[in-house]
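The values are calculated or read from the model by the stated rules, or taken from the named source; none is laboratory data. Quick caveat, the model's predicted, so the values are computed rather than measured. We place every Cβ from the backbone using ideal geometry, glycine too, and count neighbours over all the protein chains shown. Heads up: the accessible areas ignore ligands, DNA and RNA and are worked out on the full protein's heavy atoms, side chains in. Shrake-Rupley method; radii C 1.70, N 1.55, O 1.52, S 1.80 Å.
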Amino acid sequence: MSGTALLLGVIIGAVVVFSGRGGTPASHDMPAAPRTDSQGRTSAPPWPAPTDVAAAVKAAGLPMLGEEGAVAHFHAHLDVIVDGRAVPVPAGIGVDDVNQRISPLHTHGDDAIIHVESPVQATFTLGQFLTEWQVSAGADHLGGLRAGGDRLFRAYVDGTPVEGDPSAIVLAEHQEIALVYGTAAQHAGPPASYAFPAGE
């Protein structure tokens, strides 16, 4: 093989292996299957965005990218309601401004819109997002809030109750997810839709 052909092969190999800002691997380290549980804080709300973004994203099994992906691109909305009051879903989940890296699953503003912007097609779950947020959840709890007595915990998708661990909910375009903790009366009429801004 000539020196020119060898050099060309090395360059092509580098382009295949690396893409995006900062040399992000082309495989993007997406998990073969997304996590269907969540790990994180077991304290009462509010839950601010984690300070160690990279560690939280790694715990979710997702990569940090040099830029937002465009192959899979959609938005879902998450409401967290505790004893009849909204709990803020903070901006900046999955976003590392200091190192200019971003997870394919993240929030930009404080509107509780979950942005799915991936460079490859993949399945994303609420468990991945909650782990990035570092909030533990299961069939009977959200953070430090546990079902029992007159307090119920349930997830709803588009107003329909979901049984079991809400972490297993697969995210979909323009989905309205509500995590509700409170009395039976406070579970009446959970959010069934969200008015996404034009273009989202």
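Distance from the alpha carbon centroid of segment 158-191 to that of segment 65-129 works out to 17 angstrom.
A Gaussian network model of the chain, with springs between Cα atoms under 10 Å, assigns the largest mean-square fluctuation among Pro166, Pro104, Pro34 to Pro34.
Using a 1.4 angstrom probe on heavy atoms only, work out the carbon and sulfur share of the accessible area of segment 40-198 in %. Answer for segment 40-198: carbon and sulfur cover 52 percent of the accessible area. Computed from phi, the 3J(HN,Hα) profile of segment 187-200 under the Karplus parametrisation 6.51, -1.76, 1.60 (θ = phi - 60°) reads 8, 6, x, x, x, 10, 7, 9, 7, 5, x, 4, x, 10 Hz, with x in place of Gly and Pro. Which entry in (i) 37, 16, 14; (ii) 30, 17, 15; (iii) 24, 19, 17 matches semi-axes √(5λ) of the Cα gyration tensor in Å derived from the coordinates of this structure? Entry (i).
Under a 1.4 angstrom probe, counting protein chains only, how are Asp96, Asp83 ranked by accessible area, largest first? It would help to have the intermediate numbers written out before the result.
Values: Asp96 25, Asp83 65 Å².
Highest to lowest solvent-accessible surface, that is Asp83, Asp96.
If one takes the longest principal axis of the Cα atoms in the chain, at what angle in degrees, from 0 to 90 and to the nearest 10, does the Cα axis of helix 3-17 lie? Long axis of 3-17 versus the principal axis of the chain: about 0 degrees.
In sequence order, segment 68-79 has phi-based couplings of 5, x, 10, 6, 10, 9, 7, 9, 10, 10, 10, 9 Hz under the Karplus curve 6.51 cos²θ - 1.76 cosθ + 1.60, θ = phi - 60°, and Gly or Pro positions carry x. What residue among Gly143, Gly69, Gly189 has the largest mean-square fluctuation in a Gaussian network model of the chain, using Cα springs under 10 Å? Comparing Gly143, Gly69, Gly189 in a Gaussian network model of the chain, the most mobile one is Gly189. Relative to the Cα centre, the charge distribution of the chain, modelled as +1 at Lys and Arg Cβ and -1 at Asp and Glu Cβ, gives a dipole magnitude of about 400 debye. Around the amide H of Gly144, modelled in the peptide plane, lie the amide H atoms of Ser43, Ala44, all under 5 Å away and 5 or more residues distant in sequence or on another chain.
Leaving ligands and nucleic acids out of the surface, order Leu105, Leu152 by accessible area at 1.4 Å, largest first. Working shown, then result.
On the way: Leu105 0, Leu152 80 Å².
Descending accessible area places them as Leu152, Leu105.
Restricting to the chain, compute how many DSSP beta bridges are antiparallel as a %, nearest 5.
Values: 30 of 37 bridges.
Antiparallel bridges make up about 80 percent of those DSSP assigns within the chain.
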